[in-house]
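Visitor: Got a structure here, written out as structure tokens. Questions coming.
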Amino acid sequence: MGKNIIFLGAPGAGKGTFASLLTEKASLIHISTGDIFRREIKNETEIGKKAKKYVESGGLVPDEIVAEMVTKRLSEPDCVNGVILDGFPRTLNQAQLLKNALKNINMKIDKVIYFEAGDDLLIKRLTARIMCKQCNENFNKLFSPPKVEGKCDKCGGELYQRKDDSLETAKSRLELFYKETSPLIDFYKNEKLLLSLNSEREKDVVMKDLLKLLL
């Protein structure tokens, strides 16, 4: 497949789920900003130390630092066959920083997939999310339930619901998405990269259509 793809969509739209499924079918690397943050902070790199100050104080890591981290990750050899960017960019400023940074490393974004779903379903999914205590794998009681109730498919660990997966938190996360991230839809439309995908349907149907969009 060898494409560099951005997954765009509201929390609960299925970006993480389909990124995991897609990496099983194609030699693409799934890159999430959360994973990069954790790795850089754990390895105590210069950029990790910068980010740690903001994380520990409860502040947002500046766009420039996030973009620098993502660009560094994209420059690594395993990304040569294509990547899925999940959770970045989140804002117009980040999108512009990413565009400029990619030019410097001779990379480009091939497609942006916008996962569309209505607010009612998104809230249902967000409040039905469960996570493994051992390996942090995500499941959803409605959308992607574990094979055995209460047990992680990957490691057999106990599943639990995080406190921040409440109705109030779900609503505020959606509000933030529409305020900060939805302008990216027009940005990538203008770049002629945006493709929409109805992610309200059954997982197998969505996956089939996603693969068609990526051909």
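No value in this document is a laboratory result; all are computed from the given coordinates. What you see is a predicted model; the values in this text were computed from it and never measured. Backbone-built Cβ (ideal geometry, glycine too); neighbour counts: all protein chains shown.
Visitor: With a sphere of radius 13 Å drawn around the Cβ of Lys192, what net charge do the other residues whose Cβ falls strictly inside it have (Lys, Arg +1; Asp, Glu -1)?
Guide: 0
Visitor: Calculate for the chain the 222 nm mean residue ellipticity that helices alone would give, adding -39,500 (n - 2.57) per DSSP H run of length 4 or more and normalising by residue count, nearest 500 deg cm²/dmol.
Guide: Calculated mean residue ellipticity at 222 nm is -13500 deg cm²/dmol.
Visitor: Here is a follow-up. Given axes a ≥ b ≥ c from the Cα gyration tensor, I'd like to know whether segment 92-177 is rounded (a/c under 1.5), prolate (a/b larger than b/c) or oblate.
Guide: prolate
Visitor: Moving on to the next point. Once you order the gyration tensor axes a ≥ b ≥ c over the Cα atoms, which shape class does segment 14-173 get: rounded for a/c under 1.5, otherwise prolate or oblate by comparing a/b with b/c?
Guide: It is prolate, given that a/c is not under 1.5 and a/b is the larger ratio.
Visitor: Relative contact order for the chain using alpha-carbon pairs under 8 Å, separation at least 6, rounded to a whole percent?
Guide: 27
Visitor: Arrange the peptides 9-21, 25-37 so that the one whose residues have, on average, the most other Cβ atoms within 10 Å appears first.
Guide: The packing order, highest mean first, is 9-21, 25-37.
Visitor: Which of Lys111/Lys154; Lys124/Lys179; Lys179/Lys212; Lys52/Lys163 have a Cα-Cα distance over 27 Å?
Guide: Lys111/Lys154; Lys179/Lys212
Visitor: I want the antiparallel fraction of DSSP beta bridges within the chain, as a percent rounded to 5.
Guide: 30
Visitor: Report the local net charge at Arg73: Lys and Arg +1, Asp and Glu -1, summed over other residues whose C-beta lies under 11 Å from its C-beta.
Guide: Here the charged neighbours net out to -3.
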